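The values are calculated or read from the model by the stated rules, or taken from the named source; none is laboratory data. Since the model is a prediction, treat every value here as computed from it, not as a measurement. Virtual Cβ from ideal backbone geometry, glycine too; neighbours counted across all protein chains shown.
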Amino acid sequence: MLQVETGLFTIGVFQNIAWAQKGLDALKAAGFVPESLTILAKDTPETSALVERTLGAAGERIDIAGVGPVVLRGPLVNALQGPVRDLATTGLAGSMRRVGYQPHDGRIFEALTERGGVLVAIHSAPRAADALTILLSYGGGNAAIGAWSGRV
């Protein structure tokens, strides 16, 4: 088994941009800095604007297997890309194990994002429970904390 240093991510998928904005605003109000946040969503002008508005810079655009063209930015991106930057080919289902999730969790995140959901991740192991509470309180569906981080 390969050991990688990724840290814990708390992840939830909001049903649309409006719900994601409310959740992201709540996370920022609770003291989560933009550098700890990741947004991944289908590539649309609205999601691009959300990324720029929330994270202060434009997101990267890639085509992810199982989801299609997305815009994404944040610390989760590098963790999912892996050493050979294979997120595009392995998809969320195949790469979520890198950040502590089982393949079935990845398939759920992938399906929800493919249907237009906005995936939000928080990289903050000491405050993972706080992040989870906020995600769930503001409609972050299937929110969970990566349970077995570092094992691939």
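For GLY91, state whether it is under 16 Å from LYS42 (Cβ atoms) and either assigned to a helix (DSSP H, G or I) or out of contact with any strand residue (DSSP E or B) (no Cβ under 8 Å at 6 or more places or on another chain) (or both). The answer is yes for GLY91.
The condition of being under 14 Å from the mean Cα position of the chain (by Cα), among the hydrophobic types (A, V, I, L, M, F, W, C) and modelled with pLDDT under 95 holds for only one of VAL51, VAL70, VAL84, VAL77, that being VAL77.
Quick grid of which residues meet (1) closer than 21 Å to PHE32 by Cβ; (2) buried (at least 20 other Cβ atoms within 10 Å of the Cβ); (3) β-branched (Val, Ile, Thr):
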site: ARG85; (1), (2), (3): no, no, no
site: GLY100; (1), (2), (3): yes, yes, no
site: ILE122; (1), (2), (3): yes, yes, yes
site: LEU132; (1), (2), (3): yes, no, no
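For segment 106-128, a residue qualifies if it is within 15 Å of ALA79 (Cβ to Cβ) and under 12 Å from the mean Cα position of the chain (by Cα), and the qualifying residues are GLY106, PHE109, LEU119, VAL120, ALA121, ILE122, HIS123.
Give me a count of the residues in segment 110-120 that are outside any helix (DSSP H, G or I) and buried (at least 20 other Cβ atoms within 10 Å of the Cβ). Counting residues in segment 110-120 that are outside any helix (DSSP H, G or I) and buried (at least 20 other Cβ atoms within 10 Å of the Cβ) gives 4.
Quick grid of which residues meet (1) of a type outside the set (Phe, Trp, Tyr); (2) without any contact (Cβ under 8 Å) to a residue 24 or more places away in the chain; (3) touching a Phe, Trp or Tyr at 6+ places or on another chain (Cβ under 8 Å); (4) on the phi < 0 side of the Ramachandran plot:
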site	(1), (2), (3), (4)
PRO83	yes, yes, no, yes
SER95	yes, yes, no, yes
GLU114	yes, no, no, yes
ALA121	yes, no, yes, yes
ALA125	yes, no, no, yes
GLY139	yes, no, yes, no
